Amino acid sequence: MTTLSTPPPGSTNRTSEQAPPDGSSRRGARSPAHRRGNTGFVLACLLPALVLFAVFMVIPTVNVFRTSLYTWGGFSPDKRFVGLDNFRHLLDDEQFVRAFQNTVALLVVVTVVTMGLGLFLAAIMTRQRLRGRNLYRFVLYIPNVLSVVVIAAIFSAVYDQKNGLLNGTLRLLSLDGLQQVWLGNQKLVLYSVAIAMVWQSLGYYMVLYMAGMSSIPEELYEASALDGACATRQFFAITLPLIWQSLRTTLTFFVMSAVNLSFVLVRAMTGGGPDGSSDVLLNYMYKQAYTNSSYGYGMAIGVVIFAFSFLVSLLVSRATRREPLQF
Amino acid sequence: MTMISSSRPRADRPGTDRPGADRPRTGRALTYALVIALALAIAVPVAWVLLASLKGKSEFFGSPWTLPKGLHLQNYADAFVTAHMGQYFLTSVFVTVLGLVLVLAVSVPAAYVIARYEFRGRRLVEIALLAGLFVNVNYIVVPIFLMLVDWDRALIDVFPGGFFIDNPAVLSLVYAATSIPFTIYLLTAYFRSIPVEYEEAAALDGASRFRIMVQVMLPMARPAVTTVILFDFLAYWNDFIIALTLLPGEGKTLQVGLLNLFTAQKAAADYGRLYAGMVIVIVPVLLLYAFIQRRLIEGIASGGVKG
C-alpha cells in the first residue's frame with residue numbers, strides 16, 4: 001500500500017499481466033472498483049459539488065433569463081411580467097447602444113493588438129535564442145498575477161493629469177503639447193482602457209502561443225531555411241498554420257475577456273465615465289441593476305451579453321475552421 | 001536561422017545570401033529593441049509604484065521620475081492602521097484559504113468519480129459542468145446577491161442581523177462554488193491520464209474505494225492539484241467584484257480596501273497611502289509568482305482555461 005502510493009512512473013504494466021480474480025474482463029469496466037453497490041459512493045462523491053454548482057451557478061443563470069421578462073426593482077415584492085418589453089426598450093436606449101459599441105470596439109482593438117504582439121513575442125522567444133529570455137518571460141507575465149484593482153491604480157498613476165508618469169515624461173522631454181487628460185477626455189478614454197487591457201493580458205497570450213510553437217519540430221525550419229526562407233516567411237508559412245488551433249482557442253478567450261476584463265477594469269478605473277464614454281455592457285448592466293434598481297431591465301442586458309458572447313465565439317470559431325495540419 | 005547560414009560556406013549560395021546579409025542584423029536589433037521596450041513598459045510602472053510608496057507627501061508634486069529622498073515608512077503605517085489594510089489582509093487570507101479548502105473538498109471526489117466510474121447521467125453532468133466553464137461569475141453576481149438577501153429575509157427570526165450577507169465564510173463558499181467547473185475540468189483530465197492498474201492493484205489488496213481515492217489517486221494527481229490551487233488562489237485573492245457585492249459592511253477584503261483607498265485618493269490626492277496599500281497587495285502575489293512561475297506557466301500551457 002505504501003509503496004503503491006508513490007510508484008515510479010514507468011512501472012505501469014506490472015499488474016496488467018495478472019487476470020482479475022473474478023474473471024471479469026477489464027474492457028467493459030473503467031475501473032476495478034466498478035462493481036455493484038457503487039451508487040452510494042458515486043453519489044457521496046458527486047452530490048456536494050453538484051449541489052453547490054446548482055445553487056450558485058445554475059439557479060442564478062436561470063434567474064438572469066427569467067427576470068429579464070419582468071419589471072422589478074429587485075427588493076420590492078412588486079414584480080410584473082412584461083414579456084419582451086425590456087428588450088424593446090434596449091433598442092431605444094442610447095446609453096446601452098453606446099456601451100455595446102464600446103464593448104465591440106474594445107473586443108476588436110484589444111484582440112488585434114494583443115494577438116499581434118503576443119504572436120510576435122512568442123515567435124521571437126521560441127525561434128531566436130534571445131539572451132535573458134526567461135527574464136523577459138517572467139516580466140511580461142507579471143501583470144497576469146496582479147489584481148484588476150492594482151492594475152487600475154497603476155494606470156491611474158500612469159495617466160494622472162498632473163503628476164502621472166506619462167504626462168511627467170512628456171514634460172521632461174519638453175513635449176508639453178502632447179500632454180493629455182488621458183482618462184478625462186471622451187475621445188481618448190476608451191483607448192486608455194484598451195492599453196491597460198493589452199498590458200494586462202499580453203504575457204498570458206505570449207505564454208500560450210509559446211507553448212504551441214515549442215512543439216513544432218525544428219526540422220521544418222531547417223528545411224525551409226535551406227530553401228532560402230527568411231524568418232518572416234517561416235513565420236507565415238510554418239508557424240502560423242501549425243498553431244492555428246491554439247489561435248482559435250484564444251479567440252474565444254479574447255471574446256470573454258473583452259466582456260469581463262473590460263468591465264472590472266472600467267469599474268475600478270473610470271466607472272464608465274466621463275459621461276458614459278467608457279461604459280461597457282456589463283458595467284451598464286451593473287448600474288441598471290443596482291444603482292438604478294431596474295433589476296429586470298439589467299437582467300435583459302445580461303441576456304444580451306450572454307447571447308452576444310456566445311454568438312461571437314460561435315461565429316469566430318466557424319469562420320476560422322481549417323483542416324488540422326499534421327506535423 | 002543564423003546557425004544555418006553561418007554553418008554553410010558562403011560561396012555555396014552567393015546570390016541568396018549577400019543582399020539579405022545586412023537586413024537580418026538590423027532587423028534583429030529592431031526586434032530586440034521592441035521586446036525590451038515591451039518588457040520595460042511592464043516593469044517600469046510596477047517598479048515605480050514600489051518606489052513611490054516610500055515618498056513623502058511633497059515629493060509627489062513635480063517630476064514623477066525623482067527617486068524617493070528617504071524611506072518614508074509612515075505611508076505603510078497609515079495604510080496598515082488608519083486605512084485598516086492590516087485587518088483586510090487577514091480577512092483576505094481567511095476567505096482565500098477557506099475557499100481553497102472547500103473547492104478541493106468537493107471537487108476532488110467529484111472529478112475522480114467522473115473520471116473513473118460509469119453511472120447513469122454521467123454524460124449530462126459532464127456537459128453541464130463544461131457549460132459552466134462559460135458562465136463567468138460577473139454575469140451572475142447580482143442574482144447571487146439577491147438570492148442571499150432572500151435567504152437572510154427568510155431566516156430573519158433565527159438571525160436578526162442577517163447571516164449570508166457580510167459573512168466571509170459565505171463569500172468563500174461562493175468562490176468555491178463558482179470555480180467548481182474549472183477545477184473539476186482540470187482534475188478530471190488528469191485523473192483520466194493515470195493508468196487504472198494502480199487502482200486494480202490496490203483493490204486486489206482489499207483497499208476500500210474511499211481509500212483508493214484518497215491514498216492512491218490523490219497523491220498521484222498532485223501536479224494537477226497544485227495547478228488548480230494556483231489558479232484558484234489567484235482568482236480568489238484578486239477578486240473584487242464578488243467581495244464588493246457580498247461584503248458591503250465593515251469587514252472587507254484587501255482588494256475592496258484598496259479600491260476604497262483608490263477612490264479616496266481621487267478626492268484627497270493622498271498618494272503615499274495608496275501606493276503603500278498597493279505594495280501590500282502586490283508583494284505577496286509577486287513573491288508567490290517568483291517561486292512558482294514555472295509551474296504556473298506550465299499550467300497555462302496545458303490547461304489554459306482561465307482568461
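Condition first: of a type outside the set (Phe, Trp, Tyr) and closer than 27 Å to residue A:148 by Cβ. Can you find one or more residues in the range A:214-233 that meet it? Even if it seems obvious, please write down each step before you answer.
Looking only at the range A:214-233, we keep the residues that are of a type outside the set (Phe, Trp, Tyr), and these are A:214-220, A:222-233.
Filter once more, so that each one left must be closer than 27 Å to residue A:148 by Cβ: none.
No.
Do we find a residue being away from chain B (no Cβ under 14 Å), outside any loop (DSSP other than H, G, I, E, B) and among the basic types (Lys, Arg) anywhere in the range A:88-96? Spell out the reasoning first.
Let us first name the residues in the range A:88-96 that are away from chain B (no Cβ under 14 Å), namely A:88-96.
So of that shortlist, the ones also outside any loop (DSSP other than H, G, I, E, B) come out as A:88-92, A:94-96.
Still in the list and also among the basic types (Lys, Arg): A:88.
Yes; the residues of the range A:88-96 include at least one that is away from chain B (no Cβ under 14 Å), outside any loop (DSSP other than H, G, I, E, B) and among the basic types (Lys, Arg).
Looking at this structure, is residue B:198 aromatic (Phe, Trp, Tyr) and more than 11 Å from chain A (Cβ to nearest Cβ)? Show your work before the answer.
Numbers: aromatic (Phe, Trp, Tyr): yes; more than 11 Å from chain A (Cβ to nearest Cβ): no.
No, not satisfied.
Yes or no: residue A:294 under 30 Å from residue B:295 (Cα atoms) and small (Gly, Ala, Ser)? If you could, list the steps in order and put the result at the bottom.
Working: under 30 Å from residue B:295 (Cα atoms): no; small (Gly, Ala, Ser): yes.
Here the answer is no, as residue A:294 does not meet what is asked.
State yes or no: is residue A:120 farther than 21 Å from residue A:274 by Cα and free of Cβ contacts under 8 Å to residues at least 12 places away in the same chain?
Working: farther than 21 Å from residue A:274 by Cα: yes; free of Cβ contacts under 8 Å to residues at least 12 places away in the same chain: yes.
Against the criterion (farther than 21 Å from residue A:274 by Cα and free of Cβ contacts under 8 Å to residues at least 12 places away in the same chain), residue A:120 qualifies.
Does residue B:211 meet the test of being within 10 Å of chain A (Cβ to nearest Cβ), in contact (Cβ under 8 Å) with a residue 24 or more places away in the chain, closer than 24 Å to residue A:47 by Cα and in a helix (DSSP H, G or I)?
Numbers: within 10 Å of chain A (Cβ to nearest Cβ): yes; in contact (Cβ under 8 Å) with a residue 24 or more places away in the chain: no; closer than 24 Å to residue A:47 by Cα: yes; in a helix (DSSP H, G or I): yes.
So residue B:211 fails the test.
Could you check, for the range B:63-70, whether at least one of its residues is more than 10 Å from chain A (Cβ to nearest Cβ), farther than 25 Å from residue A:143 by Cα and assigned to a helix (DSSP H, G or I)?
Quick first cut of the range B:63-70, residues more than 10 Å from chain A (Cβ to nearest Cβ) only: B:67-70.
Checking which are farther than 25 Å from residue A:143 by Cα leaves us with B:69-70.
When the remaining residues are screened for being assigned to a helix (DSSP H, G or I), the result is none.
No, the range B:63-70 has no match at all.
Based on this model, can you work out whether residue B:251 counts as touching a residue at least 60 places away in the same chain (Cβ under 8 Å), over 21 Å from residue A:262 (Cα atoms) and over 22 Å from the mean Cα position of the chain (by Cα)? Break it down stepwise before answering.
On the way: touching a residue at least 60 places away in the same chain (Cβ under 8 Å): yes; over 21 Å from residue A:262 (Cα atoms): yes; over 22 Å from the mean Cα position of the chain (by Cα): no.
When the stated conditions are applied, residue B:251 does not pass them.
Quick check: is even one residue across the range B:50-60 at pLDDT 85 or above, surrounded by fewer than 18 Cβ atoms within 10 Å (Cβ to Cβ) and not polar (S, T, N, Q)?
Yes, that holds for at least one residue.
Conditions: (1) within 13 Å of chain A (Cβ to nearest Cβ); (2) in contact with a helix residue (DSSP H, G or I) (Cβ under 7 Å, 6 or more places away or on another chain). Residue B:80 meets all but one. Number of the miss?
Condition (1) is where residue B:80 drops out.
So which of B:214, B:228, B:196 ends up being assigned by TED's automatic domain parsing to the domain that holds residue B:81, under 30 Å from residue B:109 (Cβ atoms), of a type in the set (Val, Ile, Thr) and surrounded by 23 or more Cβ atoms within 10 Å (Cβ to Cβ)?
Matching residue, one of B:214, B:228, B:196: B:228.
Residues checked against (1) closer than 28 Å to residue B:97 by Cβ; (2) at the interface with another protein chain (Cβ under 7 Å from one of its Cβ atoms); (3) of a type in the set (A, V, I, L, M):
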| position | (1), (2), (3) |
| --- | --- |
| B:113 | yes, yes, yes |
| B:124 | no, no, yes |
| B:132 | yes, yes, no |
| B:141 | yes, no, yes |
| B:159 | yes, no, no |
| B:163 | yes, no, no |
| B:172 | yes, no, no |
| B:178 | yes, yes, no |
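Would you be able to say whether some residue in the range A:243-250 is surrounded by 22 or more Cβ atoms within 10 Å (Cβ to Cβ) and more than 10 Å from every other protein chain (Cβ to nearest Cβ)? Show your work before the answer.
Looking only at the range A:243-250, we keep the residues that are surrounded by 22 or more Cβ atoms within 10 Å (Cβ to Cβ), and these are A:243, A:250.
Now restrict to residues that are more than 10 Å from every other protein chain (Cβ to nearest Cβ): A:243.
Yes, the range A:243-250 contains at least one residue that is surrounded by 22 or more Cβ atoms within 10 Å (Cβ to Cβ) and more than 10 Å from every other protein chain (Cβ to nearest Cβ).
The values are calculated or read from the model by the stated rules, or taken from the named source; none is laboratory data. Predicted model, so just to flag it, every value in this text is computed and none were measured. Positions of Cβ are backbone-derived with ideal geometry, glycine not excepted, and every protein chain shown enters the neighbour counts.
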